[in-house]
Structures are given as structure tokens and as C-alpha cells.
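Since the structure comes first, as C-alpha cells, the remarks are kept for the end.
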Amino acid sequence: MMKPRRAGASRGYEEMDGSNVPGYGTGVARNGATGASSIGSTGSGTDSTSPINGNGAAPPEFELASVSVVPDDTFTVTQAVNALGFGWFQVKLSLCVGLCWMADSMEMTILSVLGPALHCDWNITRYQQALVTTVVFLGMMLSSTFWGHLSDRYGRKPALTLCGVLLFLYGLLSSVAPSFGWLLLLRGLVGFAIGCVPQSVTLYAEFLPTKQRAKCVVLLDCFWALGACFEVALALAVGPNLGWRWLLGLSAAPLFAFAVITPWLPESARYHVTSGQSDKALSTLEQIAKDNKRPMLLGRLVVEGPSGSRGSVKALLGSSLRRTTLLLWFIWMSCAFCYYGLVLMSTELFGGKNKTVVPETDNDCHPLATTDYMDLLWTTLAEFPGIFATIYVIERFGRKKTMALQFLFYAGCVLLITVTNVRVFLTIILFMARGVIAGLFQAAYVYTPEVYPTALRSVGVGGCSALARLGAMATPYVAQVLFQSSIWSAVSVYGFFAVCASVACMLLPYETRGTDMGQ
């Protein structure tokens, strides 16, 4: 018999979108009989219009029009999230996860200005500049799978809480590093902590209704763009006067704010269900219903489909997921390689160092000028139109085609860099390339959580993030070292990887547009 989970829970329940009730309507009982005004026990042998409970008393009658029903008296997290819709709960979560994303962006953007500053302050070589960037991504690559395992086994919330504390601590300590060796170690530890940031997207996506999921995850990139713009503006205000140490210290402020709010983050209801903690999952769903002012579904919460191997990298390479996983690894690696390469090349171009090859001497110092920072800010602002364009295209053409087209457009833009030396045209080219590659990165963040089941979602995103860091580790040796010797060689490398990644996108076996996230 369909009944409320708690006494007194019958008030205010109504049929809602997303409850998936094919063939049901007013006057249709659960056992298929028509003309009934209440829900009877199936197979009980009693009159469906007058069910009797075990104590011989008739329970309260429920009109079908006032009850949210799902097949077999059960519902899944997917059905509940879709039924409860997008509301105040998701808005609060967007702000929390967005702050995490903003802090990550600031730590990444600072790499483009930290290298030149250290080159002038400590007389480090070009290869040492590249090493400052590489060590951060090395830490991220080594930790991504670790954070994925931690999130799948102990929950998204504990992992993100630890991430926030470690990021703030190591970011602040980096500002007082006494030597280049200590700075490398501390920046590597910052990278280790940043490896958990993709799990915030996993947590966020698992609370989004199917219809709003792609748009919301792509809009999350607004916080990334905001963080990048804020970091460039902070570098313009602080760098020339106070130096890179103050810049590193002040850049840790959003990390402190995120560390403070992490105790109030909700745990994933999908994680609770797959880990056998249905009561906690129900409490979370009830909180969503309360915040969104929507009635809670009735019935028993169940896991949709088998849970499979939880947190297993081996499962990612099983027969059903092998092709998807390998292609996504290459796509993510190429995406990070191209994105961070463009960021670093922008600094090199605006610094005017592409005109001549300057030997590595103690006097080889070219600090960024105000005009350089302003041009960097303009190209960074390109991420906003890139985000909104991706929102439109990704729903119209699907995830696969969107990513494929964006890789091709990026390849065309970077090859145009070799055509002109006029600063205005370079800024326009970099603006277009930065917008499209930023949108592409977020499209990958939309597709990846959708294609993996809940039991493997965190480790799947973590594995892709690890391969992305491998591409980011290699890119400074192209954008900062090879670029100084041959601009054409450097941009050709980026164009080649972008074209190959475009083909990989079209070879992906699944299109996830309009589908529910797998349990």
C-alpha cells in the first residue's frame, strides 16, 4: 500500500513533474483498477476503495491528485531531484561551489604572472619558470585520483572540507617561501590540494535537475572567469608596488572563505544512497524540498540499477567504459594543454618577448607593464561570452559536437597568431581563442559526470582531471620555452592537439544531452 513515510506527512503532497508516472491519473488505482479514489494494497484481496490495515482499521484515504506517486511505490534520487526542481537550495550550492571554483582560478591565473616576477626577482631561468608551473600541475595530477577515491569512499563533503583547509594553508605559506626550492615544494602542495576541486562540480551536478544541469554547470564557469579577472586586477594593483609575495598572500583570501563555509555544504544524496545510507539521503532530499518550497515525494527511496565497483579505477577501463574513458582522458589532456598554453603565451606575447630571442643572462628581465596587464584582463574577460555561447550551442547540438567544433575553432585561432604582430589584432585573436577554450573546458565538465554512473563518477572525473594535469604540466615547455625559439613551432603543436582532440570528441560512444545522470 502506498503510504507516507511519516505520520502527518500526507498534507501538501501533490503530483509533480519528474515523478515519472506513466498511465496514472485521477481515478486510477495502483493495482490498475479504475474508479477508485484511494490507493489500495496490491494483491491484498480487499476492496481497493476500502483498504484495511493490519489492525483492522481503515487508514486515511488519499486522493490520487494530492499524492506524488511513482511506479512500484519507489523513487530514485534522479526522480526526486527532477521533481523538486531548481530553487533556493541550488542557488546556495551554486554560490558555495562557485567560490571554490573562483579560488582555483586565481591559483591558476597567478602562474602566468608569477614566472616573470620570479625571473626578475630571483634571476631564475626559462626552464625554472616553466618548472614553477609544472610542479603545481604535477601535484594536481598525483592527487586527482586520490581525491576521487576519498570522495567515493567517504563522501564529497569531507574531501572538499580538507581541500579548502590545505589550499589556504599552503597558499599562504607560499607567500613567505625563503628560497626557490621551498617555493616549488609549497606550490606543489597547493597543486595537490587543488586536485580535489573537480569534486565540487561532481557534488554540484548531482543536485541539478536534468533540464537545468548543463546550463548550470556551464554557468559555474562564470566564477572561474570572475576569479581569473580578479587575479589579473589584483596583480595590476599589488604586483608593481608590493611584489609577488603580497600577491600570493592576498590571493589566498577566497580559499579562507571557502574553508570557513565547507561545514555547511550538503553531502551528495546519490553518494548516501549508493553507500547504503538511505536515511541521510532522505534528509537531504527533504531539505531540498523545504528550501525549494516543493512537496516531498512519497514512497521508498531506492538505488537505480546496480551500484557496481565503487571508487575503482579498474572499473573505468572495463569493457563497457574503456573506449569512453580513454577518449575522455585524451580530450581532457588536450583541453588543459591548450587552455593553459594560451594563458602562458598571452603573457609572452604582451611582454614583447616574442620579437627577439634574448639570451638567459642576469639582466634578462622584462616585467609586465600596465598595458600588458590591461590586455591580459581583456583576453580574460573573453571567458564570459565563451560561457554563454557554450550554453546555447551545447543544448542545441549536443555535448560531443559542441566540443569538437570548439577544438577546431581554437586551432584556427592559434594559427592566426603567426599572421600578425599588431597588438590590437593579437588581442582580438587571443580574445576569441580564450573564449572558446574556456567554454570547451566547461563543456567537458558537463559531459564527464553525465556519462559515468554514481559509483564511479568521482573517480571518473578525478581520472580525467589527472590526465588534464599531465597536459598542463607539458604546456609551459611549449608556451614559454619553445615559443621563444619559434612561434610557428609552438602554435603548430597546439593546433595539432586541438584537431586530434576534435576527432576524439566525435568518436565518443555516448551523447548525454537530455539524459538523466546514471545512478
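The table for this structure:
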{"read-out": "3 or more residues farther than 22 Å from residue 132 by Cα: qualifying helices (runs of 4 or more DSSP H) within segment 185-261", "value": "198-205, 210-219, 221-242, 253-261"}
{"read-out": "Exclusive hit being surrounded by fewer than 22 Cβ atoms within 10 Å (Cβ to Cβ) and either hydrophobic (A, V, I, L, M, F, W, C) or on the phi > 0 side of the Ramachandran plot (or both), set 381, 376", "value": "381"}
{"read-out": "Test: residue 391 is surrounded by fewer than 24 Cβ atoms within 10 Å (Cβ to Cβ), part of a helix (DSSP H, G or I) and under 16 Å from the mean Cα position of the chain (by Cα)", "value": "yes"}
{"read-out": "Residue in segment 198-220 that is under 14 Å from residue 114 (Cβ atoms), crowded, with 22+ Cβ neighbours inside 10 Å and either in contact (Cβ under 8 Å) with a residue 24 or more places away in the chain or not hydrophobic (A, V, I, L, M, F, W, C) (or both) present", "value": "no"}
{"read-out": "Every residue from segment 253-280 that is surrounded by fewer than 21 Cβ atoms within 10 Å (Cβ to Cβ) and more than 30 Å from residue 455 (Cβ to Cβ)", "value": "253, 256, 257, 260"}
{"read-out": "Count of residues meeting criterion [of a type in the set (Asp, Glu) and either without any contact (Cβ under 8 Å) to a residue 60 or more places away in the chain or surrounded by fewer than 24 Cβ atoms within 10 Å (Cβ to Cβ) (or both)] in segment 72-124", "value": "3"}
{"read-out": "Options 317, 255, 285, 236: the member that is of a type in the set (A, V, I, L, M) and over 24 Å from the mean Cα position of the chain (by Cα)", "value": "236"}
{"read-out": "Unmet criterion (only one of (1) modelled with pLDDT of 80 or more; (2) under 21 Å from residue 108 (Cα atoms)) for residue 328", "value": "(2)"}
{"read-out": "In segment 331-348, residue nearest to the chain's Cα centre (by Cα) [restricted to those that are over 14 Å from residue 111 (Cα atoms) and either of a type in the set (Ser, Thr, Tyr) or open to solvent by 10 Å² or more (accessible area, probe 1.4 Å) (or both)]", "value": "333"}
{"read-out": "Yes/no for residue 419 being under 27 Å from residue 190 (Cβ atoms) and either at pLDDT below 85 or open to solvent by less than 10 Å² (accessible area, probe 1.4 Å) (or both)", "value": "no"}
{"read-out": "Among residues of segment 484-519, those that are at pLDDT 85 or above, of a type outside the set (Ser, Thr, Tyr) and under 30 Å from residue 116 (Cβ atoms), counted", "value": "10"}
{"read-out": "Residue under evaluation residue 449, criteria (1) open to solvent by 10 Å² or more (accessible area, probe 1.4 Å); (2) in contact with a helix residue (DSSP H, G or I) (Cβ under 7 Å, 6 or more places away or on another chain), criterion not met", "value": "(1)"}
{"read-out": "Condition check for residue 408: part of a loop (DSSP other than H, G, I, E, B), touching a residue at least 12 places away in the same chain (Cβ under 8 Å) and not small (Gly, Ala, Ser)", "value": "no"}
{"read-out": "Subset of segment 235-252 [open to solvent by 60 Å² or more (accessible area, probe 1.4 Å) and without any contact (Cβ under 8 Å) to a residue 40 or more places away in the chain]", "value": "237, 241, 242, 250"}
{"read-out": "Pairs with Cβ under 8 Å, 6+ apart, first in segment 380-392 and under 14 Å from residue 430 (Cα atoms), second part of a loop (DSSP other than H, G, I, E, B) and open to solvent by 50 Å² or more (accessible area, probe 1.4 Å)", "value": "none"}
{"read-out": "Candidate set from segment 127-177 (those that are open to solvent by 10 Å² or more (accessible area, probe 1.4 Å), in contact (Cβ under 8 Å) with a residue 40 or more places away in the chain and among the aromatic types (Phe, Trp, Tyr)); member that is nearest to residue 205 (Cα to Cα)", "value": "146"}
{"read-out": "Every residue from segment 394-416 that is within 19 Å of the chain's Cα centre (by Cα) and open to solvent by 10 Å² or more (accessible area, probe 1.4 Å)", "value": "395, 400, 406"}
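The values are calculated or read from the model by the stated rules, or taken from the named source; none is laboratory data. Just so it is clear, the model here is predicted, and its values are computed rather than measured. When we count neighbours, we look across all protein chains shown, and the Cβ atoms used for this are built from the backbone with ideal geometry, even at glycine. What goes into the accessible areas is simple: the full protein's heavy atoms, side chains included, and nothing from ligands, DNA or RNA. Shrake-Rupley method; radii C 1.70, N 1.55, O 1.52, S 1.80 Å.
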